[in-house]
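Just below is one structure, and these are the notes that go with it.
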Amino acid sequence: MRSAAILAVWLIPVVALAGPLAVFDGGRAAAIVKADGLQAEGLEAVRDLAAYLKRSTGAEFTVISEAEADPARHPVRLYVGAVAALPAADREALVRLDSDAYLVDITADGSAFLVGPQPWSTYWAVCQFLEDQVGVRWLFPGPLGEDVPEHERLVLPPWRQVYTPVLLSRQWSGDHHGGRWSLRQRLHARYRFHHNLVRVFDAERYYDEHPEWFPLRASGQRYRPQGEKDHSWQPCLASDSSVRHAAACARQAWAENPGLDSFSYGCNDGQGWCECEGCKAMDRPLTPWEGFEGTYSCRYYAWLNRVAADLETTHPENLIGCLAYSTYILPPEPIGLHRNVIPYYTSNRADYYEPEFRQQDQRLLEWWGRVAHQMGIYDYAYGMGFAIPRIYSHLFQEAIQHAVKNRVKGFYAEVYPNWGLDGPKLYLMSRVLWNPAVDIDALFTEWNQRLFRESWEPMAAYFRRCERAWSEQRTGRGHWAYRLAGDPRQFEVFPPAVLAECTGYLDQAAALAQSDLVRERIRFFRKTWEITLLLAGNYWAGHEVDRLVAAEAPLEQVAAALRRMADQVVTLDTDAYVRERVGNDPIAFHPPLPGWFEPLKTGADANAMRLSASRLSARVVREAVEGGRISADDLRGLIGRRLDEAFGTAGSENFRAYVARLRAMALKVAKVTRCDAPPAIDGRLDDPAWTGADVLTDFVRWGNTAAAQYPTRARLLHDGTMLYIALDCEQDTSALQTDAAPRDGSTWKDDSVEIFINPGLEALPYVQFILNARGAFFDLWGRKEGESYAERVGATFTCRWATQVEPGRWTGELAIPLSEFGCTAAPRTLLRLNLARNVQGKAPEISAWFLSVKAHADAASRGWIVFE
Ligand SMILES: [Zn+2]
């Protein structure tokens, strides 16, 4: 332990004939003596100590100040905080102790000192005392997760220990439903590292006076950022004044908040790097390594080194936090890193079940560990977006043990937990962060024994099986942080046999339970597991169709499988089911983002239909092209006939409903009408040319085949060179969300429409355009595998566009030069296209012309357009 030196100072020999501490004995309760000036968590420590001792013994524990303590009336005292009675040597040592460390000292003369140097660490001293000496456990949030043993008598022998964490900063986000639970697990943030340059270089305050701090664009203009949400840019890092200004920001923050001893220079969450000669001169692009990029590593960290050197002159011990991420995820080995920089390396350690990925990822962390003087790791321990247990405690422990050997001192994770599915996961994680060498198997067993008593063995078997399912999955792997979140493929982690085995353990546990409390705890996990059973069950019902489509099986076989799927799928209202099962219990199941739950709800059968429709139409189109019959009307007729032959019209109501939706999707073939007078690109759809064009409408909800609630109509024209698209989007326009930068910002987060065009049947190449309701535009060109996002978004087409907003709708027009991405408008040209509509606001909705299940970029989510 890092505290060895301090511990040695503190170790005082225990007197052999020590008197015990009578917390509660013969009906007499000890007094709780609080230090003067206790604040924040220190006051909660006093309240918690009194409350849990009362629950454990039934007695009232009075809380008094040190001045009120009377030796005759209060012979036994539990001191909380830095009281005057604390021995001088301890008071002195307290000042030198790490801010997260704390002392639990049950003295030989029958008192207890529970104290840390900070309010939160004092709180933890009380937690430690309640856990070790009273036996209290906070196993998951809420009353059901607490275990408080009852004591008729509570008399304790002397005990003294200083507790110090190995990881000095332990932080996660999205746990607010758990109340004080994470604090009780000793979570506390120390280092700042998140996206922050958008605030350091606040455009509203500084642009007019210092345009040179903002990025130079290819147009020769300095970009003016559009508020705090605009992350589509990085500052210009070439000027000395940008270094001085950035350093001054940290100094100001530290002066205003003396408790703060780090400051974040985390890059904005986008690209948009400066193109000035000064910035480019700082670049020493690193060769991409195993898919990781270092295009801007040297530029960014060289600048950060200068800021750190400036700050070191006044604050030699304060740390400079940042993210190691995106195009600067590779360590800047050629230039080194200032000793005060702490980069947080982002990765998805849940995927360490895949040995090759783990090795690769750990090699990069080791590389960082050689360049940086201290590191943090940034993780994705969700939770939300998953309707399956996602437990990987052993992989996590190994990852943290490896991390601390490579100078990792800080940990952060996005968690948004589903405690009802993940059981002991976060409890064990918090223990590992405090002490990576902890025996998590023993902790796991105790966690189960304390919660489930007579039923503990099948419950432990259940959670172990869930962890094994995660580590044995064959769904791929990835650096992509949100892999499988909101993706129905997550159900492949739990094949039908594993689902049945897990349910069996829960049944056994329920049969063994002998008290209402244990029954209720088992029900808490069972009710959440039933969400898994429903959604995974539906996924597997559709799986056979997916498999046959992927294997290019004859359509008749696909139809037979679809018939079986229609019989197996449980067609109940999933939202109502979830409400009924877990009620409003955000501890059991974190309220998911709609975009992360919709695809899970209907992902299986919707995906089966999407793939069937896509494959069927592609096959018919291929045959038609060979036969030379390619007009939109011909193709629709051929597809309809082929559908009838393969799927028939008879069958269960469910089956017929599926076929009707499949037909609607497969028939998404539209004509691109030739016009003599191109429309004026002004956003108004009043040009006569639009009148005769096909209307692309009947959008369906993302991840779903239900009709969209916000109508969208698109029309297509061409003049032999340009493709013209008209968009007509109905929605309340009184509070449109249009925050994206004018070009290549996060336009998809706005009220907007996305357009995808694939020239061929393959995933690549493809182009993507996005237009928001106020005319911000985005274009991207995916040409080949292995390109970076920056390369793809770096493509700039000479499009024209305009929008108009009126009450109840916004409209847009675009002119797209086909030849710039290798397409032509020759008659009978076929392209694959999809349109996705994003509606934000209070009732957000993503919808698409052709059903889209996960990423719109998935090439199977396309209808057809035929040039006239
Ligand atoms: Zn620059």
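When Arg370 is evaluated against the numbered criteria (1) of a type outside the set (S, T, N, Q); (2) surrounded by 23 or more Cβ atoms within 10 Å (Cβ to Cβ); (3) touching a Pro at 6+ places or on another chain (Cβ under 9 Å), which criterion, by number, is the only one it fails?
It fails just one condition, (2).
If you check every pair at least six apart or on different chains, which have Cβ atoms under 9 Å apart with a residue in the stretch 628-655 that is without any contact (Cβ under 8 Å) to a residue 12 or more places away in the chain first and a residue that is part of a loop (DSSP other than H, G, I, E, B) and open to solvent by 40 Å² or more (accessible area, probe 1.4 Å) second?
Partner pairs satisfying both residue conditions: Gly628/Arg828.
Condition check ((1) closer than 28 Å to Asp379 by Cα; (2) small (Gly, Ala, Ser); (3) within 16 Å of the ligand (Cβ to nearest atom)) across all residues:
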| site | (1), (2), (3) |
| --- | --- |
| Gly174 | yes, yes, no |
| Ala189 | yes, yes, no |
| Phe193 | yes, no, no |
| Leu197 | yes, no, yes |
| Glu209 | no, no, no |
| Phe214 | no, no, yes |
| Pro225 | no, no, yes |
| Cys236 | no, no, yes |
| Ala253 | yes, yes, no |
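Determine if the stretch 409-416 includes at least one residue that is on the phi > 0 side of the Ramachandran plot, in the same structural domain as Thr346 (by TED's automatic domain parsing) and of a type in the set (Ser, Thr, Tyr).
yes
Kindly provide the set of residues from the stretch 662-705 that are under 17 Å from Ala613 (Cβ atoms), surrounded by 21 or more Cβ atoms within 10 Å (Cβ to Cβ) and without any contact (Cβ under 8 Å) to a residue 60 or more places away in the chain, ordered by number.
Across the stretch 662-705, the qualifying residue is only Ala666.
Answer yes or no as to whether Ser242 is hydroxyl-bearing (Ser, Thr, Tyr), more than 16 Å from the ligand (Cβ to nearest atom) and under 18 Å from Leu304 (Cβ atoms).
Working: hydroxyl-bearing (Ser, Thr, Tyr): yes; more than 16 Å from the ligand (Cβ to nearest atom): no; under 18 Å from Leu304 (Cβ atoms): yes.
Taking the combined requirement at face value, the residue does not satisfy it.
Is there any pair linking a residue in the stretch 770-782 that is at positive phi to one that is surrounded by 21 or more Cβ atoms within 10 Å (Cβ to Cβ), with Cβ under 6 Å and at least six apart or on different chains, and which?
Correct list of pairs: Gly775/Thr803.
Restricted to the stretch 271-292, and to residues that are more than 16 Å from the ligand (Cβ to nearest atom) and in a loop (DSSP other than H, G, I, E, B), which residue is surrounded by the fewest Cβ atoms within 10 Å (Cβ to Cβ)?
So, considering only residues that are more than 16 Å from the ligand (Cβ to nearest atom) and in a loop (DSSP other than H, G, I, E, B), the one surrounded by the fewest Cβ atoms within 10 Å (Cβ to Cβ) is Gly291.
As an exercise: evaluate Arg468 against (1) in the same structural domain as Phe524 (by TED's automatic domain parsing); (2) open to solvent by less than 10 Å² (accessible area, probe 1.4 Å) and give the number of the one condition it does not meet.
For Arg468, the failing item is (2).
Given the options Ala89, Ala108, Ala82, name the one that is over 37 Å from the mean Cα position of the chain (by Cα) and at pLDDT below 95.
Just a single option satisfies the conditions, and that option is Ala108.
For the stretch 225-254, how many residues are closer than 17 Å to Ser746 by Cα, surrounded by fewer than 23 Cβ atoms within 10 Å (Cβ to Cβ) and at pLDDT 95 or above?
Number of matching residues: 0.
When the stretch 415-457 is examined, which residues are found to be open to solvent by 20 Å² or more (accessible area, probe 1.4 Å) and closer than 15 Å to Asp175 by Cβ?
Listed by number, the list holds a single entry, Tyr416.
The values are calculated or read from the model by the stated rules, or taken from the named source; none is laboratory data. Small disclaimer: the values here were computed from a predicted structure and weren't measured. For neighbour counting, all protein chains shown are included, and Cβ atoms are generated from backbone atoms with ideal geometry for every residue, glycine included. To get the accessible areas, we keep the full protein, side chains included, count just its heavy atoms, and leave off ligands, DNA and RNA. Shrake-Rupley method; radii C 1.70, N 1.55, O 1.52, S 1.80 Å.
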